[in-house]
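Undergrad: One structure, as structure tokens, below. Some questions next.
The values are calculated or read from the model by the stated rules, or taken from the named source; none is laboratory data. All values derive from a computational prediction rather than experimental measurement. Neighbour counts are summed over all protein chains in view; Cβ atoms, including those assigned to glycine, are modelled from backbone coordinates with ideal geometry. Calculation scope for accessible area: heavy atoms of the full protein, side chains included, ligands and nucleic acids excluded. Shrake-Rupley method; radii C 1.70, N 1.55, O 1.52, S 1.80 Å.
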Amino acid sequence: MARAEDAPSIEGDAEERRLIDRSAAGDQEAFRQLVIRYHRLVINVGFRALGDLGLAEDVAQDVFVKVYKALPGYRHDKPFKHWLHRVAANAVTDALRRRRPVVSLDGMLQPPASTGSDPQDVASRHDLQRAVRHAIASLPPHYRDTIALQAFGELSYDEIAKALDIPLGTVMSRLNGAKRLLRERLGDLVRSEEANTA
């Protein structure tokens with residue numbers, strides 16, 4: 001189901017098309033306008049997936065470099081936002097694969113802000129989130145791309161179908177397959193988390 005704020009106006013759609021065409025022709029000011037328009041969306045996708053603003057900003061930079069290089073081949077038959085989501089999801093997946101555990105000295109000096117939760121619960125939730133991110137990154141590409149668009153891009157089934165240019169039934173099948181594999185790979189971890197919250 002499309003959200004009202006996601007539905008572009010005809011005028012805004014025409015302006016976006018002009019920016020895309022000018023950017024594809026090498027107009028850096030037009031591309032700067034596209035980046036300004038979509039930077040927050042790409043940062044949000046990266047942050048939801050990686051849980052770190054610095055890494056999300058690195059991914060966003062990578063996404064916009066890839067977009068700039070690929071714009072001459074962009075087809076207007078797909079919404080730009082969906083295409084951008086796919087590029088961002090792929091960049092997030094690449095970042096998750098490359099990522100090595102990083103220990104922040106700042107984090108060691110100050111414990112995380114408490115919201116009344118037991119620090120052990122907070123740590124186990126972070127471990128679960130990290131395990132889920134790594135499990136998604138290890139999925140076969142067709143599953144990984146589909147579930148990344150749903151989980152990190154928060155796209156609807158219809159939006160995923162358009163972004164990947166596949167039928168709606170294939171989206172549902174891939175999501176079911178991805179979730180089944182994730183349950184298998186994360187089974188013990190999820191069961192222990194459920195036991196901790198019971």
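Undergrad: Extension gain Ser138-Ala25, at 0.36 nm per residue separation less the Cα-Cα distance, in nm?
TA: Extending this stretch completely gives an extra 37.0 nm.
Undergrad: Determine ³J(HN,Hα), in whole Hz, for all residues of segment 126-140 in sequence, where each value follows from phi through the Karplus function 6.51 cos²θ - 1.76 cosθ + 1.60 and θ = phi - 60°; x replaces Gly and Pro.
TA: 5, 5, 5, 4, 4, 5, 5, 4, 5, 5, 4, 5, 8, 5, x
Undergrad: Through the Karplus equation 6.51 cos²θ - 1.76 cosθ + 1.60, θ set to phi - 60°, convert the phi angles of segment 16-22 into ³J(HN,Hα) values in whole Hz; use x for Gly and Pro.
TA: Ordered by residue, 3J(HN,Hα) equals 4, 4, 4, 4, 5, 4, 5 Hz.
Undergrad: So, one more: Sequence neighbours fewer than 8 away in the same chain don't count; with that in mind, list the lysines whose C-alpha is under 23 Å from Lys179.
TA: Partners found: Lys162.
Undergrad: So what does Glu154 come to for accessible area, using a 1.4 Å probe and Å² rounded to 10?
TA: The value for Glu154 is about 90 Å².
Undergrad: Additional query: Using 0.36 nm times the number of residues separating Asn44 and Ala14, minus their current alpha carbon distance, what extension gain do you get?
TA: Additional length available on full extension: 8.3 nm.
Undergrad: How many nm separate the modelled label positions at Lys179 and Tyr68, each set 7 Å beyond the Cα in the direction of the Cβ?
TA: About 4.0 nm separates the two model spin labels.
Undergrad: Another question, if that's okay. For segment 48-54, take each phi angle, set θ = phi - 60°, evaluate the Karplus expression 6.51 cos²θ - 1.76 cosθ + 1.60, and give the result in whole Hz per residue in order, putting x for glycine and proline.
TA: Going residue by residue, I get 4, 7, 9, x, 9, 5, x Hz, with x marking Gly and Pro.
Undergrad: Sort Val92, Val132, Val87 by accessible area with a 1.4 Å probe, largest first.
TA: Of Val92, Val132, Val87, the descending order of accessible area is Val132, Val87, Val92.
Undergrad: How far is it, in nm, from the label point at Asp58 to the one at Ala131 when both lie 7 Å from their Cα along the line to the Cβ?
TA: 2.5
Undergrad: Next question, about the same structure. Work out the FRET efficiency for Ile36 and Arg97 from their Cβ-Cβ distance, taking R0 = 41 Å, and round it to the nearest 0.05.
TA: Computed FRET efficiency for Ile36 and Arg97: 0.90.
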